[in-house]
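Remarks on the structure that follows.
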Amino acid sequence: MSDPFDLEQIDEAPGGDAPALLAPYVAELNPEQRQAVEALDGPLLVLAGAGTGKTRVLTTRLAHILHQRRAFPSQILAVTFTNKASREMRERIGGMIGRAVEGLWLGTFHAIGVRILRRHAELAGLKSNFTILDTDDQLRLLKQVIEAADLDAKRWPPRQLAAMIDRWKDRGLTPDKVPAGEGEGFGNGRGVELYAHYQERLRTLNACDFGDLLLHCLRIFADHADVLAAYQKQFRYILVDEYQDTNVAQYLLLRLLAQSHRNICCVGDDDQSIYSWRGAEVGNILRFEKDFPGARVIRLERNYRSTPQILAAASGLIAKNQGRLGKTLWTELDRGELISVRGVWDGAEEARVVGDEVEALQRDHQALNGIAILVRASFQTREFEERFLTLGLPYRLIGGPRFYERAEIRDAVAYLRVLAQPDDDLAFERIVNTPKRGLGNASLQAIHAVARGGGLPLGRAARTIVEGEDLKPRARNSLRRLLDDFDRWRGLMEAMPPAELTETVLEESGYTDMWQAAKTADAPGRLENLKELIHALEPFDKLQGFLEHVSLVMDAEMAQADDAINIMTLHGAKGLEFDTVFLPGWEEGLFPHQRALDEGGQAALEEERRLAYVGLTRARRRAIVSSAAQRRMYDRWVTALPSRFIAELPADQVTMQTEPGLYAGGVDDVAAPGAFAFDDGYTASDRMRRAQSAVPAPTYLEGQADSVITTDPASSSYAIGERVFHQKFGYGRIEDIEGNKLLIAFEKAGTKKVVDSFVDPA
């Protein structure tokens, strides 16, 4: 009998009668998976829920196309989002058919873009040997463009311009297509002009950045219909992984290529679209049926990962989103534990509780590798790291350095090291020109020369050199100001607590301002980490004690353990699974994150909810959610309202555990699922203003429980018909009153319901 996978048997025009033999790989699939594999004609959207075998379906479908002799390998385009996924897919296909398949167009969007662009580089004004710039090269080139335009690169940072250009390219926009008004906030309104100059410089250098790899392809296809037609004819089948994460440029490329045969299969999960900050557009998957009329939609809902309780809780939560196609996960696995929701006093108590639970699981023979702590913000990891070090529990931080290894924390600690030990050369060299003070390599070399000549530490050499003429006046004055600052800060060491002193140093040195001025995506997170560092200093009476503590933490070789707890952000956990998942910090303002709500409104709220869904569905056996009644945020202790996501969990899938008296009205009033809901009339800022009541000490709740906000409404002092003013919505007139909630018809914002404490008499 002939080999059904013998590609040489395929007719020149594939698509003949399929072999009668039912391949074993099809027989092993569940009914929905098999439908997704065998539906080879026309557009297909596979809505693959978490843990439903998405990769298996995509890989098997590709093998099935070959098995059915529908296409040569070179006529199949399969797009993934990571090189790892591409390698895994290629290996699985090879395992299915018994040998490697050559000629497949299988790779990431960027890899496919490079392959096309190398063939047609001249149509984009490039040579085929063009260079692809990395981030550092891109920033250097942008700095040249900014300076050539007679702009100050310090005031208009290249990173900010790079982020703006990357967003335009993600949307498939060349400089002439950028909408009017965009880019006005950069370079005195010259953002688009700088984008155009940057593209010209790239062509002159025969180079492109990563965004160009797709942008140039789109432009070639738009300007050269014959080239597009050739690729449309070639690709009989298109397969796309993680379709919910595509940006506009990727979406446009796929639509163009699929217009001929229309045999495009997109696999994704709209409920796991969590990367809008990277340009992902959840709308791409939501409008698939509109983009491809007659498309078939197959839902993969059988989950092979989690218990029924976890799936029911996750499904109940995500059902609150309006922008979704809808599906409900189910499983044949045995019943497991209910979702545990815990209320704790503060972040430190949260870390202690998690540490105790991990030790209990370890005694019960649970492998640490099967335990994960998933945080919303990176600053949350510090308290867990330090707690695990205290307990001697090995851990690994996935997706980033450990807290004290982060660049901004190392910089801040270097300032403190120079403060405590003026002769610390390594620390001095790290911060002498951070932030930029005009002390470049020439200045540092001059300081080093004096140090070597006199056998002096760099700090003392700097004091010597500012009295001479070895440095240019500007650099000399800048260095003198820094040395004077250190003298002043040292004078404060005895009278000022280390936490307050550190805050002063970071502000007066310009380090905090540096990150506040940075418009990069990671800048807000770095600022949060600096605030967490100040929080970490609070228990210490002396700066030296804290520095010794940091040295011990940095010296711990915990990450080398084979069996270790996994700590990562929720964004970094997508695609992973663990037996036990801890989900700390489910509080308003932290999760959902306040910055996301303020910037993105309802769309951002739905993405935050999808992030919660992703967190829950990482768990195989148990999920533990926790919220703190207070947390150190925004440089002060604040009352923390439990996240609305806790309220949205189905009550019959949750068990509550909380400290007695934690909330004034009792846990049933505040934190229990279903006990409270947020009215759309409240703005995100309103809710955080309610939560941000400054308190004198971390243990304030024991004596001031009545200060915690509950759902018990108070009567309002306002009257129906009274005119009021709201900081965001402007002037309006009260139409109805319910307790302390006012229904107000605003003159410009329409009718909204707000709490009376957020309006003033007009």
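The values are calculated or read from the model by the stated rules, or taken from the named source; none is laboratory data. Not measured: the values here are computed from a predicted model. Using ideal geometry, Cβ is built from the backbone for each residue, glycine included, and neighbour counts are taken over all protein chains shown. Each accessible area value is taken on the protein alone, full model and side chains, heavy atoms only, with ligands, DNA and RNA left out. Shrake-Rupley method; radii C 1.70, N 1.55, O 1.52, S 1.80 Å.
General observations
- 5 angstrom amide H check on Tyr237, placed H, neighbours 5+ away: Leu77
- Using the Cβ of Leu397 as centre and a radius below 12 Å, the other residues enclosed give a net charge of +2, where K and R count +1 and D and E count -1.
- Annotation: amide H-H contacts under 5 Å for Glu735 (H modelled 1.01 Å from N, sequence separation of 5 or more, or interchain): Gly721, Leu743, Ile744, Ala745.
- Straight-line reach from Lys519: taking Cα to Cα under 28 Å and skipping same-chain neighbours fewer than 8 places apart, the lysines in range are Lys143, Lys154, Lys169, Lys177, Lys436, Lys531, Lys574, Lys728.
- For the chain, leaving out every one of the GluC sites (Glu not before Pro) that falls in a DSSP loop and has at most 14 other Cβ atoms within 10 Å, the longest unbroken run is 558-746.
- Rounded to the nearest 20 debye, dipole of region 362-496 from Cβ charges on Lys, Arg, Asp, Glu: 340 debye
- The candidates Arg302, Arg476, Arg56, Arg155, arranged from most to least accessible area with a 1.4 Å probe in the full protein assembly, appear as Arg155, Arg56, Arg302, Arg476.
- Given [x] 28.9, 86; [y] 29.4, 92; [z] 25.6, 80, the label whose value is Rg and Dmax of the Cα atoms in Å derived from this model: [y]
- Surface exposure of the chain, expressed per residue as accessible area with a 1.4 Å probe, stands at 43 Å².
- Computed with a 1.4 Å probe over protein heavy atoms only, the accessible area of Asp513 comes to about 90 Å².
- Highest average first, the peptides 481-490, 308-317 ordered by how many other beta carbon atoms sit within 10 Å of their residues are 308-317, 481-490.
- Rounded to the nearest 500, the 222 nm mean residue ellipticity of the chain from helices alone is -12500 deg cm²/dmol, with -39,500 (n - 2.57) taken per DSSP H run of at least 4 residues.
- Under 5 Å, built H, 5+ apart or other chain: amide partners of Val375: Met568, Thr569, Leu570
- Global form of region 177-314, assessed from the alpha-carbon gyration tensor, a/c cut-off 1.5: oblate
- Exposure of Thr751 as accessible area (Å², to 10), given a probe of 1.4 Å and all protein chains: 80 Å²
- For Ile76, solvent-accessible area (1.4 Å; no DNA, RNA or ligand), Å²: 0 Å²
- Cα gyration tensor shape for region 519-639, rounded if a/c is under 1.5, else prolate or oblate: oblate
- Length-normalised contact order of the chain in % [C-alpha pairs under 8 Å, at least 6 apart]: 13 percent
- Antiparallel beta bridges, as assigned by DSSP with both residues in the chain, represent about 35 percent of the total such bridges.
- Formal net charge of residues neighbouring Arg140 (Cβ-Cβ distance under 14 Å; K, R +1; D, E -1): -2
- Accessible-area order (highest first, 1.4 angstrom probe) of the listed residues Val755, Val297: Val297, Val755
- The charge dipole of the chain, taken about its Cα centre with unit charges on the Cβ of Lys, Arg, Asp and Glu (plus for the first two, minus for the last two), comes to roughly 2020 debye.
- Computed over neighbours whose Cβ is under 10 Å from that of Ala313, the net charge equals -2, Lys and Arg +1, Asp and Glu -1.
- Among Tyr237, Tyr718, the sequence by solvent-accessible area, most first, with a 1.4 Å probe is Tyr718, Tyr237.
- Across the accessible surface of the chain, with the other protein chains kept in place and a 1.4 Å probe, carbon and sulfur atoms take up 48 percent.
- Integer Hz, Karplus 6.51/-1.76/1.60 couplings in order for region 125-140, x for Gly and Pro: x, 10, 9, 5, 9, 4, 9, 9, 6, 7, 4, 4, 5, 4, 5, 5
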